[in-house]
Each structure stands twice: as structure tokens, then as C-alpha cells.
Amino acid sequence: MSKIVVANWKMNPQSQKEAEVLLNALSKETKNAKNTKIIICPPFPFLYISKKIKSKKVILGAQNVGKDTEGSHTGEVSSSMLSSLGARYVIVGHSERRTDGEDNKIINQKLLNLLKSKLSPILCVGERNRDKEGEYLSFVGEQIKECLSGVSKSQMANIIIAYEPIWAIGSGSIREATREEFMEMKIYIKKIISDIYGAKIAHSMIILYGGSVNPLNAGTFVSDDGADGLLVGRDSLNPKKFSAIINAIKD
Ligand code: PEP
């Protein structure tokens, strides 16, 4: 199965010109990527660059969506708007948005709106800390159950889950997760999905790892039936490193 690598540019870069330069460099560096789907998620103002994507391997995604579908919601963006701009995937529930006050209920609403607009949500889940008692497992389990509330069996085929432990994300992270930590969570997530939707859907569920992914650790997460792909923050802003990550997970 082909792997998925999501580039989350966050609030970078600072100008239209730099965004175009970055997109061109990423497309060029990844043009030989085999069996890999690359989803680039720029900030909203730069979504127009979908028109400039030349590589068939690169697909446009967005980093967020409003919880409402239209109307008097100043500063918000709807799923239909994203769809009309060419986005196919949308990140929801990123920990940086959860820190800004988004809860599972809001994320669920966003996710349902995306599905209605035929967009694929990339649902981020992950614990803030790991405790010895294993409470972090049920914390992530609750995130999944609440965020997927009302999602039908047939809609599940359009959803990607990204496990991103908060302690592993960004420049302030303690460290990246280990493969074992990821695998434990992957099995747990599949069990939660299986309990709700059955074993077949759980088996085909796409689960990514995110959190300080770099060219050195990327292969560890993905090899031997590990993650179905990766969600990359910092290193997606560096075309050479991003391309090295793609190369590291090549079959
Ligand atoms: C992220 O923000 O989702 C992320 C994984 O960032 P980083 O790769 O910088 O840890």
C-alpha cells in the first residue's frame, strides 16, 4: 500500500513568494517518490498554490476548517470553500488548536462538515503526558470516540488518524516517540475502531505518526507494518530534509 506523508507548514512561510518557492522545491525534491502520496498543507492564504502544483504525487490539504458551514462567522473558513480551492484533505484536532480551546465536540462538528463536503479529515489525537498507569491510552480512546461520533461505517474509509503525542511535537518537544510507543498506540487505536466499527474497518484504518519526524527516524516508524505514513511539521519546511524523509520510507 502506498504511504502518506503530510507536510504541515503551520504559520509558515511569511510571504506568497516564499510559499511558491517552497512548493516548487518540495515538488522538485519529491518528484521521484515512489508509492508515496504527499499532502501539502499550507496556511489558508496560500491554498491558491494548488493551481501551481505540477507533480501528480503532491495533493493539497488544509490545516483547519471552521465548525460552521456558512454565514456570520467572521474570520472562519468553510469546508466548501476549501473544497472549491482544490483541497482534498484537512487536518482537524491538531494539538496546537486544541491548546487554543478546541474540544472533541468542536472537532467532531468540523469532521462531519468535511465529510459532507467530500473532504478527507486527518484527525490528530495524542496525549500530553504518558503516565505509568496507562491513563494516556483511555485519554486517546476518548478523543477518538468523541471526535468520530456520528461518522458512519462507509464514511470511515475517508478518514485518516494521525497519532501525535504532544510531548513529541515541535521545537519544545522532549523527544520523538519510539517505534514501540507508536506501535502500542496503533494497536490500541485499532481496537477502539474495531469495537465501534468492526474488525474489517479497523484493519484498513490509516494511522500516521507525527512528532519530531526527521530523516533519521522516519524509516523506523514506517518499516515492517508500522505507520501508514507520517505527519511532518518542521522538516516539511526544508525541502532537502523532507525529500530525505520520503526516501527513508521508500519500499
Ligand atoms: C506537527 O505539528 O504536527 C508536528 C508533527 O510538528 P513537528 O514535526 O515539528 O514535531
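The values are calculated or read from the model by the stated rules, or taken from the named source; none is laboratory data. Quantities reported herein were computed from a predicted structural model and do not represent experimental measurements. For neighbour counting, all protein chains shown are included, and Cβ atoms are generated from backbone atoms with ideal geometry for every residue, glycine included. The protein model used for the area step is the full one, side chains on, heavy atoms only, and it has no ligands, DNA or RNA in it. Shrake-Rupley method; radii C 1.70, N 1.55, O 1.52, S 1.80 Å.
The conditions of being within 16 Å of the ligand (Cβ to nearest atom), in contact (Cβ under 8 Å) with a residue 12 or more places away in the chain and farther than 22 Å from LYS118 by Cβ are met by PRO13.
When region 154-171 is limited to residues that are open to solvent by less than 20 Å² (accessible area, probe 1.4 Å), of a type outside the set (A, V, I, L, M, F, W, C) and not in a strand (DSSP E or B), the one that is farthest from ARG98 (Cα to Cα) turns out to be GLY170. Per the conditions (1) open to solvent by 70 Å² or more (accessible area, probe 1.4 Å); (2) under 19 Å from the mean Cα position of the chain (by Cα); (3) free of Cβ contacts under 8 Å to residues at least 12 places away in the same chain, the sole criterion not satisfied by GLU133 is (2).
For region 172-234, give me every one of the helices (runs of 4 or more DSSP H) that falls completely inside it and has 2 or more residues that are under 29 Å from LEU26 (Cβ atoms) and touching a residue at least 12 places away in the same chain (Cβ under 8 Å). Here the list reads 179-197, 218-222.
Here is a check on your reading of the model: is SER55 at pLDDT 95 or above, of a type outside the set (Asp, Glu) and open to solvent by 20 Å² or more (accessible area, probe 1.4 Å)? So SER55 fails the test. Just one of (1) surrounded by 14 or more Cβ atoms within 10 Å (Cβ to Cβ); (2) of a type in the set (Lys, Arg); (3) closer than 21 Å to ASN214 by Cα; (4) out of contact with any helix residue (DSSP H, G or I) (no Cβ under 6 Å at 6 or more places or on another chain) fails for LYS145. It is (3).
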